[in-house]
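Step one of this worksheet: look at the structure below.
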Amino acid sequence: MTRTKPRSPLLSTVIALVVGVFGVVVLGWLGTWQLQRLAWKEAILTEIETRITADPRPLPETFDPERDRYLPVKVTGTIGAEPILILASVKEVGAVHRVLGVLTTDDGRRILIDRGVRPFGDPLPDEGEITGTFTGNLHWPDELNKYTPERDESGLWFARDVPTLSEVYGTEPTLLVLRHAEPASATVTPLPVSTQGIPNDHLGYAVQWFGLALVWAGMTVYFLWSIRRRKQIPAGRRTDTDPGAAAPAPSDAE
């Protein structure tokens, strides 16, 4: 049987170099791209944080979720006696009830207000109507997905679905997430809008891509070393344990 001609060491070296350099360049580019995305995301988060903590202003006449998201506002009015409870989960706390209500401003406008949270299973005492000055940020949370249940028979909600809640309770289509109230509530803890819940995983992705580039470079060096070692060993002394050694051809007696 005809013996297969072994691949030229020079050709093997060129192939290993091309594949190695290409892989390192691509993986390194992906890592660099993630660092660029990290800088972009941090700039956005800084802009959002600056907007959240800006001086509050009066409630706008009309609402645009894109324009008015996180807009700080200050209003005076009365929160109705009927609470709107929403089952939620808070990191490092667990299950809670978000306590929403309908705020009627002094000039007669009705909006939803998120007063904060109360531990799950801890009954909310009857507070009646609450009149005061309320400072917070306008928000349109994106909490709905295909698995979100409908409101149950007890009136418990499972997401801050602003359009639906506004329609059910007859308010303008916005939500004021409370930051500070005068007078302050002793039964509900405000949970203000912040950037903590906005994901920013680009640094982790960059580390992964650069790590893969390092591994790829190491593998390339190993293959180049294997090719050089095989070249230095005389053909008659190569064994099956030599990296990349060609398999012996079957004898004519077989």
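Annotations for the structure displayed:
- Of the residues 88, 48, 13, the one whose Cα sits farthest towards the positive end of the charge dipole of the chain is 13 (charges of +1 on Lys and Arg Cβ, -1 on Asp and Glu Cβ, taken about the Cα centre).
- Distance between modelled label sites at residue 19 and residue 39, nm, 7 Å Cα→Cβ extension: 3.5
- Simple spin-label estimate for residue 164 and residue 152 gives 1.5 nm between the two label positions (7 Å along the Cα-to-Cβ direction from each Cα).
- In the set (1) 1, 5, 10, 11, 11, 9, 7, 5, 5, 4, 4, 4, 4, 5, 4, 4, 3, 2, 1, 0, 0; (2) 1, 6, 13, 18, 21, 18, 13, 7, 2, 0, 0; (3) 1, 6, 13, 14, 14, 12, 11, 9, 8, 6, 4, 2, 0, 0, the label that goes with P(r) over Cα pairs in 5 Å bins from 0, in percent computed for this structure is (1).
- Proxy reagent accessibility, fewest Cβ within 10 Å first, across 209, 157, 33: 33, 209, 157
- Charge dipole of region 71-182 about the Cα centre (unit charges at C-beta), most positive-ward option of 73, 133, 170: 73
- Residue separation of residue 105 and residue 228 scaled by 0.36 nm, minus their Cα-Cα distance, works out to 36.1 nm of gained length.
- Reachable aspartates and glutamates, given that their alpha-carbon falls under 15 Å from the alpha-carbon of residue 91 and they are not under 8 places away in the same chain: none
- Electrostatic dipole magnitude of region 71-182 [Cβ: Lys, Arg +1; Asp, Glu -1; Cα centre; debye, to 20]: 340
- Loop-resident sites, region 55-102, for GluC sites (Glu not before Pro), counting at most 15 other Cβ within 10 Å (DSSP): 61, 92
- On Cα atoms only, tilt of 9-52 relative to the major axis of the chain in degrees: 10
- Within straight-line reach of residue 74, meaning a Cα separation under 14 Å, sit the following aspartates and glutamates at least 8 residues removed in sequence or on another chain: 55, 61, 106, 107, 114, 182.
- Whole-Å semi-axes of region 78-149's equivalent ellipsoid (Cα gyration tensor): 23, 16, 11
None of the figures in this text is laboratory data; all of them are computed from the coordinates on show. Owing to the predicted nature of the structure, the values given are computational and were not obtained by experimental measurement. Cβ atoms come from the backbone with ideal geometry, glycine included; neighbour counts cover every protein chain shown.
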